[in-house]
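The values are calculated or read from the model by the stated rules, or taken from the named source; none is laboratory data. Treat the numbers as computed from the prediction; the structure is a model and nothing was measured. Heads up, the Cβs are rebuilt from the backbone with ideal geometry, glycines too, and the neighbour counts pull from every protein chain shown. Surface areas here come from the heavy atoms of the whole protein model, side chains and all, with no ligands, DNA or RNA. Shrake-Rupley method; radii C 1.70, N 1.55, O 1.52, S 1.80 Å.
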Amino acid sequence: EPEVTQTPSHQVTQMGQEVILRCVPISNHLYFYWYRQILGQKVEFLVSFYNNEISEKSEIFDDQFSVERPDGSNFTLKIRSTKLEDSAMYFCASQNRVGYGYTFGSGTRLTVV
Amino acid sequence: SQQGEEDPQALSIQEGENATMNCSYKTSINNLQWYRQNSGRGLVHLILIRSNEREKHSGRLRVTLDTSKKSSSLLITASRAADTASYFCATDAWGAQKLVFGQGTRLTINP
């Protein structure tokens with residue numbers, strides 16, 4: 001069964017450093033998403049991406065965050081200057097059609113120290 | 001917010017029993033989806049029910065949707081130890097390209 005692949009599985013970074021989280025969505029999917037889950041809390045929407053543009057973003061997704069689909073297969077989330085409160089599990093997801101189920105990756109656990 | 005509550009927050013039952021989890025939401029939806037998350041792992045899509053559907057089955061899973069009450073339930077029949085996980089409902093609203101998740105129910109199946 002096709003999978004969404006995320007790398008790395010765990011990243012530790014110093015506060016103020018830039019991080020890039022990488023995702024390879026399912027190849028024929030058109031809609032891409034990032035969500036995050038702070039430990040013990042619910043999953044929160046960050047951003048949706050379609051046709052090489054951001055479709056929707058949440059209040060969490062401020063100027064410190066950006067997304068890119070640089071080469072038609074990877075989908076990245078960049079955090080420019082990490083804060084302690086950015087520590088969370090970050091999930092990438094892709095979707096073939098709007099209104100259908102999502103396929104999530106296994107997540108990247110980001111720890112900011 | 002779009003999402004309401006899930007209950008119970010935690011549920012512990014014996015293997016073989018049925019488990020029922022409930023979800024409420026606040027806005028009009030296109031569909032409602034249920035996901036499972038094993039501890040520290042990714043989200044696995046279980047089942048999707050559309051706003052014009054009232055009940056859906058998939059194996060041991062049964063989902064109901066009551067749009068008049070803005071609520072859904074997930075029933076897992078004949079539970080197994082491997083069903084131990086957190087279960088989340090997520091709503092997909094009309095015109096919104098995102099899912100809004102509930103707080104989840106932590107289900108423990110005791111052998």
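Measuring r between the beta carbons of residue A:73 and residue B:94 and using R0 = 30 Å, the FRET efficiency lands at 0.45. Among the protein heavy atoms of chain B, carbon and sulfur supply 45% of the accessible surface, probe 1.4 Å, non-protein parts ignored.
Diagonalising the gyration tensor over the Cα atoms of the protein assembly as shown and scaling each eigenvalue by 5 before taking the square root yields semi-axes of 30, 20, 16 Å, largest first.
Multiplying each eigenvalue of the alpha-carbon gyration tensor of chain A by 5 and taking the square root yields semi-axes of 22, 14, 13 Å, largest first, rounded to whole angstroms.
Per-residue Cβ counts within 10 Å, from other chains only, averaged over A:94-100: what number is that?
The shielding value for this peptide is 3.
Backbone phi angles across segment A:36-44, fed through the Karplus curve with coefficients 6.51, -1.76 and 1.60 (θ = phi - 60°), yield HN-Hα couplings of 9, 9, 5, 3, x, 10, 7, 6, 10 Hz in residue order; Gly and Pro are listed as x.
Residue A:9 sits with roughly 90 Å² accessible to a 1.4 Å probe, with DNA, RNA and ligands left out of the calculation. Distance from the C-alpha centroid of segment B:1-65 to that of segment A:1-27: 27 Å, rounded to the whole angstrom. Most mobile of A:68, A:59, A:85 per a Gaussian network model of chain A (Cα springs, under 10 Å)? The residue that fluctuates most here is A:59. Across chain A, the relative contact order, built from alpha-carbon pairs under 8 Å that are at least six residues apart, equals 39 percent. Residue pairs exceeding 27 angstrom between C-alpha atoms, taken from A:83/B:26; A:78/B:70; A:42/A:78: A:83/B:26; A:78/B:70. Per residue, chain A exposes 51 Å² of solvent-accessible protein surface, assessed with a 1.4 angstrom probe and all protein chains in place. Normalised by 2.2 N^0.38 Å, where N counts its residues, the alpha-carbon radius of gyration of chain B equals 1.01. Potential lengthening of the chain between residue A:5 and residue A:59 amounts to 16.9 nm, from the contour at 0.36 nm per residue minus the alpha-carbon distance. Within segment A:78-113, name every residue whose backbone N is under 17 Å away from a label modeled 7 Å from Cα of residue B:67 along the Cβ vector. Backbone N within reach: A:99-100. Among the residues of B:90-97, the average count of other protein chain beta-carbon atoms within 10 Å of the residue beta-carbon is 4. Taking the Cα centre of chain B as origin and assigning +1 to Lys and Arg Cβ atoms and -1 to Asp and Glu Cβ atoms, the resulting dipole is close to 240 debye. Please report Rg over Rh for segment B:21-77, where both radii come from the alpha carbon positions and Rh follows the Kirkwood definition. Checking Rg against Rh, the ratio lands at 0.97.
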